[in-house]
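Any read-out appearing in this document is the output of simple, stated calculations on the displayed coordinates, not a laboratory observation. Quantities reported herein were computed from a predicted structural model and do not represent experimental measurements. Cβ sites come from the backbone with ideal geometry, for glycine too, and all protein chains shown count toward neighbours.
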Amino acid sequence: LWHTLRDLRRYPVTLTFLVAYLFYNDGIQTVIYAASVYGEKQLGFEKSTVLLAFLVVQFVGIGGALLFGGIAKGRGAYRVILVGLFVWLAVVVAGWLTPDENLPLFLALAVGIGIVLGGTQALSRSFYSQLIPRGREAEYFSRYQACERGTSWLGTLVFGVVHQLTDSYRPALLALMVLFVIGIAFLLRVDPKRGIEEAGNPLPRVV
């Protein structure tokens, strides 16, 4: 672990991407966690309806991964991830604006989450694989997985604190935007071409 962390200093682009992922992935995971609470306690849906929405997310997520993967072939994984994070911001705002007990909009929101969830997660892993030295995938992906859990408490904390302060789940959901904004800010500092070259990997046709 310590050796890998020290070694990451040789790959500053990879390190910057991991920091970006640390924040925006926590935003994604917290939105998924908060969706059930938000749907049931804020929007007034039964648990069965919330479960249906989760099934929609899982089903659509498969298509979302394929869709984003196809777009990335022509536009590059980095750009598509960045666009996907802006879509996540739009999803959070849409959830904040969704009226209580409006089932069509709630299910439409589930479709939107499914599309962007499958896409951003699959492409993040694919892009990261281009930023790590060949032959050291196991140790570097262990750091990637650590980032998936490293700040898993932060989004939940933000959501809970804002709800306690406002006594409403709407501003609590909106507050999660800060995690995506921080993630985007770090991601904008990532130079994909430089990162791939520093790791000693061949440049893809579209970076």
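Compute the acute angle (0 to 90°) between the alpha-carbon long axis of helix 77-97 and the principal axis of greatest extent of the alpha-carbon atoms of the chain; round to the nearest 10°.
Compared with the principal axis, the helix lies near 20 degrees.
Could you work out the relative contact order of the stretch 14-198, using alpha carbon pairs under 8 angstrom and six or more residues apart, expressed as a whole percent?
Details: 217 pairs, mean separation 77.4, N = 185.
For the stretch 14-198, the relative contact order is 42 percent.
Hey, what angle do you get for helix 152-166 against the long axis of the chain, alpha-carbon based, 0 to 90 degrees rounded to 10?
Once rounded, one gets 30 degrees.
How long are the three semi-axes of the equivalent ellipsoid of the chain, in whole Å, if each is the root of 5 times an eigenvalue of the C-alpha gyration tensor, listed from largest down? Present the calculation step by step, with values, prior to reporting the outcome.
Details: eigenvalues 211, 71, 36 Å².
Taking √(5λ) for each eigenvalue gives 32, 19, 13 Å, largest first.
Based on the mean of other beta carbon atoms within 10 Å per residue, what is the order of 15-21, 140-146, 118-124, most packed first?
Working: 15-21: 21.3, 140-146: 15.6, 118-124: 22.9.
Answer by packing, highest mean first, reads 118-124, 15-21, 140-146.
What net charge is computed for the residues neighbouring residue 84, neighbours being all others with C-beta under 14 Å from the C-beta of residue 84, Lys and Arg scored +1, Asp and Glu -1?
So the surrounding residues net to +3.
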